[in-house]
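Coordinate-derived values only; no laboratory data. Bear in mind the structure is a predicted one, so any value in this text is a computation, not a measurement. Quick reminder, even Gly has a Cβ in these numbers, built from the backbone with ideal geometry, and neighbours come from all protein chains shown.
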Amino acid sequence: MSSATAPEAVRPEATPSAKPSTTGSSRRSEGRLWSAGSVGLALLMAVPVLVILGFVLVPAGDSWRHLAATVLPGYVANSLLLMLGVALGTLIGGVGTAWLTSMCQFPGRGLLEWALLLPMAMPAYIIAYTYTGMLDYAGPLQTALRALTGWGYGDYWMPEVRSLAGAAVMLSLVLYPYVYLLTRAAFLGQSICVLDVSRTLGSGPWQSFYRVALPLARPAIVAGLSLALMETLADYGTVKYFGVQTFTTGIFRTWYGLGDTAGAAQLSALLLGLVIVLVALEKGSRRHARYHHTSQRHQAIRRHRLHGWRAALALTFCALPVLLGFLIPAGQLGIWALTVAEEAYDARFLRLTLNSLGLAAAAALLALGLALLLGYAKRLHPSPAVLASVRLAGLGYALPGTVIAIGVIIPFAWLDNSIDAWMRATFGVSTGLLLSGTLAALLFAYLVRFLAVSLQTVEAGLGKIRPSTDDAARALGLRPAGVLWRVHVPLLRGTLLTAALLVFVDVLKELPATLILRPFNFNTLAVRAFELASDERLADSAPAALMIVGAGLIPVILLSRSITSSRHVQTP
Amino acid sequence: MRSKSKIFAVLALLAALLPAAGAFADEVNIYSSRKEALIKPLLDRFTEQTGIAVNLVTGKDGALLQRLKSEGMNSPADLLITADAGNLYRAKAAGVTQPFVSEALTASIPETYRDPEGHWVGLTLRARPILYAKDRVDQKTLSTYEALADPAFKGRICIRSSDNIYNQSLVASLIAADGLEATETWAKGLVANLARPPKGGDRDQIKAAAAGECDLAVANTYYLAGMLKSQDPAERAAAEAVAVFWPNQDGRGTHVNISGAAVTASAKHKEAAVALVEFLATPEAQAWYAEANGEYPVGEGVALSPTLAGWGPFKADDLNLGRLGELNAEAVRLMDRAGWR
């Protein structure tokens, strides 16, 4: 991962001419090149989304009318409720823990600071399977309870895991780390002087949290929340298993059940429309506020020491997400994995692990590079074309992976078949399918799906660098690429690592696009875990699931180190 | 440039991890919606016996079909394997399959389980009977699927979501037998009798019946067979608490689906593909299916595993399974109207 960020590595290609030129005209043309290049790249990333949007023009059957008359209103209501639940869960869990671990001192804080990220390594559908296996009516907990008390069905009340509320809890448990991670980085990056000033002006600790720290961290909180909500909208595995019918259910029901591909794509387009509206609302409400720091003074945070019941409360509040989102489900997976250990671990299992890690690493590097280019292009030339195309490129995150995969299959196969037809006509040779069914197509799909993650992170980081820094660097003769490479990249090292690691963990967990786009005989841990779990063989799926979690742990730990150590990097 | 070359190095490394698909002159490429664990051992045995390499991608039906359609005549796939008849019908309707003739298959597979125009054949039977809690249900009170809508079963039935293809096929078979209107009335009655909103898979319905949440569950038999073999004692106990009832024995028979295979229109190894299908229909392969997967053999004269034999013989619905595919969308709409989640 460090290879991509080594300063000397990219400079030759980023600055085409050997010597930095300082003439105005060449600067302008370089600026235009940046804009055009980034618009082109962003549009390339947007191709699958555009393909799906393009289905709006295809006449679909009457599935629409049928759905609208029967089930669609219920699906939409469920989706909105689920989003509301996840928003509440991730905000309370994410912002609360971020504030406590960065501003307060209590026993166990140092451990929890990084442990709070652990649930991020847990795929949502796996935590859903695991909790159901444990808590369902026929599961060990309730069975033991009945055996102990002699109660039968209906004699006692137990919350139902497989419900809308259950799905909101499951998704919140694995998605709150996005909010935690970005918010915490924002709190740590805030000049403590600002908080000190607010305190000298008479605010209490809570007031300075609500009136200064929280508003200042808003871009980061919103970035984290929008990732969590987009992930919620795209989720299919969890809601399907829980029998909660959301908008995504409608998409797949139209496609698989009614056999209406165009209708399903149109529903996906509608989903995207919803996301676009949400994003626009947020942007509009923020208007011209700017969030970068103007002070150069930074002091180490003096954490407020908590005692007695306050310390106990803080500890409980921060330990609970780790316990529920990681320790308990991982423990259950561990128990299941032990029961099948002798069959599960062999040479093929190692291969699965290597496949997963290799794909995740490649996708993370590529997504990081793209996010840097696009994020910086936005900063350099926030023209409508650049802004719109970058926004479009980030939309893939809100679409279910299978829909993205279809958006990749169609244009890739078309391109391959066109090249093949042309080569046949011109040279009499058939090239067959060049890209379809290769890892390149799969990596492209990952980029489309997860670019938003790296982009949000990089943009949030860039937003904190004062524009005057750019001006100074330019005045000293650096070209735009030079500013990016020699000023921003070093300043953002922690942010960049965060962006890459987030994508890495996401790709490790990704299932639907991998399932449909992978080459022959190519499996990953997620595919293995899913195939067995969806065949209702939970114990057999546990070793692969546990390995996904295990492999995700290393980057997660790196992540937490990077946010603690990047505290001072963001100001020159 | 170094970073770029490193990225390429990573990609090259990934590529090297791939087994060289296409390295063998004689091979079969499969797109399969059957899970790898359920067919791979048989494919390996086929390679051992014939030297023909088998390359496999598994995935979901709709997505695999879209991949086949988009790739067109350049698609590398020779064979499409699915876990139900409806998707074979859909692939045929999309024009991505081709007819194939094999005397061995015609001889060993009954007509009901073959496409009339020879585009696909069934390889295993998957029966979907009624399972009942032994301690609470007198099997004399059970008769047909139709009777499940009877108010006598109010609050006593568990069945999974209508998103599931097995339920869609079951309802399609009811439409074929009883007509649209009667089936819609039936579906409403069934929904009114459910013990809980549909959720989870077939095993979950069996567990719920065993635990007392409901008395009857509708589930495919191989899930029950899988639970009986489970390493988890609780799962075995749940499976032992229920028994199989074969509905509609005095009429058309119990609803069955198939897992099956179709040769793709783009097949570049058609002969090898047909040879593989023939292999999968041999008594040896059929016996493995029955033993390892708990599915019923599609051909006659294959010895059943003790578990399957223990559930007794039954009469299967002899509807041509292509009809299930034709009626699938109709079935989904009907279930939507009936409020079957």
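A few notes on this one:
- Only one of A:Gly139, A:Gly133, A:Gly150, A:Gly108 that is within 14 Å of chain B (Cβ to nearest Cβ) and on the phi > 0 side of the Ramachandran plot: A:Gly150
- Filter result for the condition that a residue is more than 14 Å from chain A (Cβ to nearest Cβ), assigned to a helix (DSSP H, G or I) and touching a Ser or Thr at 6+ places or on another chain (Cβ under 7 Å), over B:Leu174, B:Leu190: B:Leu174
- When we screen A:Gly428, A:Gly482, A:Gly461, A:Gly477 for residues that are over 15 Å from A:Ala367 (Cα atoms), touching a helix residue (DSSP H, G or I) at 6+ places or on another chain (Cβ under 7 Å) and of a type outside the set (D, E, K, R), the only hit is A:Gly461.
- Conditions (1) at negative phi; (2) touching a residue at least 12 places away in the same chain (Cβ under 8 Å): number failed by B:Gly253: (1)
- Test: residue in the range A:104-112 that is part of a helix (DSSP H, G or I) and farther than 24 Å from A:Leu546 by Cβ: yes
- Residue in the range A:551-572 that is within 14 Å of another protein chain (Cβ to nearest Cβ) and touching a residue at least 40 places away in the same chain (Cβ under 8 Å) present: no
- Test for A:Phe317: is it more than 19 Å from the chain's Cα centre (by Cα), away from every other protein chain (no Cβ under 12 Å) and either surrounded by 15 or more Cβ atoms within 10 Å (Cβ to Cβ) or among the basic types (Lys, Arg) (or both): yes
- Looking across the range A:377-409, just one residue is buried (at least 24 other Cβ atoms within 10 Å of the Cβ) and farther than 30 Å from A:Ser79 by Cα, and that is A:Ala377.
- Taken together, the residues in the range A:432-446 that are more than 8 Å from every other protein chain (Cβ to nearest Cβ) and not in a helix (DSSP H, G or I) amount to 3.
- Residue count, the range A:188-210 (criterion: in a helix (DSSP H, G or I) and surrounded by fewer than 23 Cβ atoms within 10 Å (Cβ to Cβ)): 16
- Of all residues in the range A:211-263 being in a helix (DSSP H, G or I), more than 14 Å from chain B (Cβ to nearest Cβ) and among the small types (Gly, Ala, Ser), the one that is nearest to A:Phe530 (Cα to Cα): A:Ala234
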